Amino acid sequence: MFERTKLSLLFSVILFAVASWALGHYHVPDSTGKMVTLIDAHAYYYDIVIGIGIAIVLASSLNLVNGHTGQFSLGHAGFMGLGAYFASMVTLGIQFPLVPYPDFAETPAWFAALKAVGWALALAVNSLLSLLNAWVAAAHELPAPAQFVAALFVGGIAAAVAGLLVGVPSLRLKGDYLAIVTLGFNEIIRVVIQNAEPLGAQRGLGGMPLQTNVFWTFSAAALTIYVVHNLVNSTYGRGFLAVRDDEIAAEAMGINTTKYKVLAFVTAAFFAGLAGGLYAHFKQFITPDGFGFMKSVDFVVMVILGGMGSIVGVCVAAVLLTILPELLRTVSHIEALPDWLRHMAENRMILYSLLLIILMLSRPQGLFTGWGKGRTGK
């Protein structure tokens with residue numbers, strides 16, 4: 001089975017490389033008769049296609065936590081934001097300033113002891129910042145393709161480390177309590193970035209080179225699906241399903257449920273950071289508000305609507321929920337349609353929300369439950 005999935009991954013990467021080359025090199029006339037590439041001629045649709053690929057990466061990785069492991073995370077956009085900003089640091093060569101050390105001059109003995117603690121904390125923080133700045137400087141000197149790969153990797157590792165720091169203490173919680181903790185983490189990341197001047201603070205960060213294309217985006221999507229599918233269907237991956245089906249019984253059988261939950265959390269965070277790097281180098285401008293709570297809800301809806309634990313279903317839901325708002329926007333501009341229908345489509349986000357509510361009520365188990373579950377289905 002794993003050899004077949006490896007061949008499928010290799011074939012997909014080759015196919016996406018050919019498609020990306022064709023889109024960038026095949027020329028067609030635009031409305032003025034000038035010859036332009038397919039990307040420039042259909043920039044709006046190209047934007048949607050890239051959005052679909054990034055959504056597949058995010059929804060598929062979140063499916064590992066919410067679907068296969070049975071947890072409930074609302075902080076996926078926070079990991080995406082970390083990946084976006086750390087990847088941008090690499091391509092822009094941003095360096096963090098070091099924290100100043102406390103001054104011990106003419107201070108009482110009791111206050112000097114307190115400052116010694118602050119000095120030790122400043123030393124630890126500066127060591128981490130120096131290491132981060134060294135990595136960023138080294139990656140920034142690489143040629144463009146290698147620099148972009150390094151940027152994506154740094155973004156993914158930063159998100160994975162954050163997932164580990166949050167996951168170890170919080171994943172002993174369950175259900176709603178875990179959701180509240182991950183939601184709080186999402187907001188902490190957003191607020192920290194808002195106050196980080198080297199990252200543009202509330203103004204946002206721009207100037208990243210346009211390096212994300214069909215090849216990088218859908219290769220990342222194929223890699224995410226490959227890793228999640230093989231991980232869950234492996235012998236080791238049975239632990240994820242045991243945690244999902246009955247955590248108490250799994251613990252009674254000697255399974256370290258916390259280890260499996262942390263592993264799922266860190267893996268999902270890594271791919272969310274990878275998707276964030278792709279997003280930043282396609283939009284070329286990011287703000288902290290773009291990675292808020294509602295962004296996380298979008299990914300959770302994709303997982304629930306597609307069918308929790310269904311790999312194919314989640315991918316289909318990611319495609320549908322990315323296209324649907326844009327489809328409603330198009331409907332609102334079709335003059336041949338009745339006015340009442342066009343006015344309804346103009347309020348597309350309200351209509352989009354109503355459609356989601358109807359779908360959730362009519363199919364609470366998800367539209368595509370059972371698709372792509374294979375051996376993992378209940």
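No lab work stands behind these numbers, since they all come straight from the coordinates. Because the structure is a prediction, the values reported are computed rather than measured. Positions of Cβ are backbone-derived with ideal geometry, glycine not excepted, and every protein chain shown enters the neighbour counts.
For the peptides 220-227, 74-81, residues were scored by their other Cβ atoms within 10 Å and the scores averaged per peptide; the highest-first order is 74-81, 220-227.
For the peptides 197-210, 58-71, 312-325, 142-155, the ranking by mean Cβ contacts within 10 Å, running from highest to lowest, is 58-71, 312-325, 142-155, 197-210.
For the chain, complete DSSP H runs whose alpha carbons reach 18 Å or more along their own long axis and whose mean Kyte-Doolittle score is 1.0 or higher are 2-25, 43-63, 76-92, 109-140, 144-170, 175-194, 214-233, 293-306, 311-331, 348-362.
Each of Val149, Pro97, Leu205 was scored by the projection of its Cα onto the charge dipole of segment 42-376, and the greatest displacement toward the positive side belongs to Val149; charges sit on the C-beta of Lys, Arg, Asp and Glu.
When GluC sites (Glu not before Pro) are flagged only if DSSP places them in a loop and at most 16 other Cβ atoms lie within 10 Å, the longest unflagged stretch of the chain comes out as 142-334.
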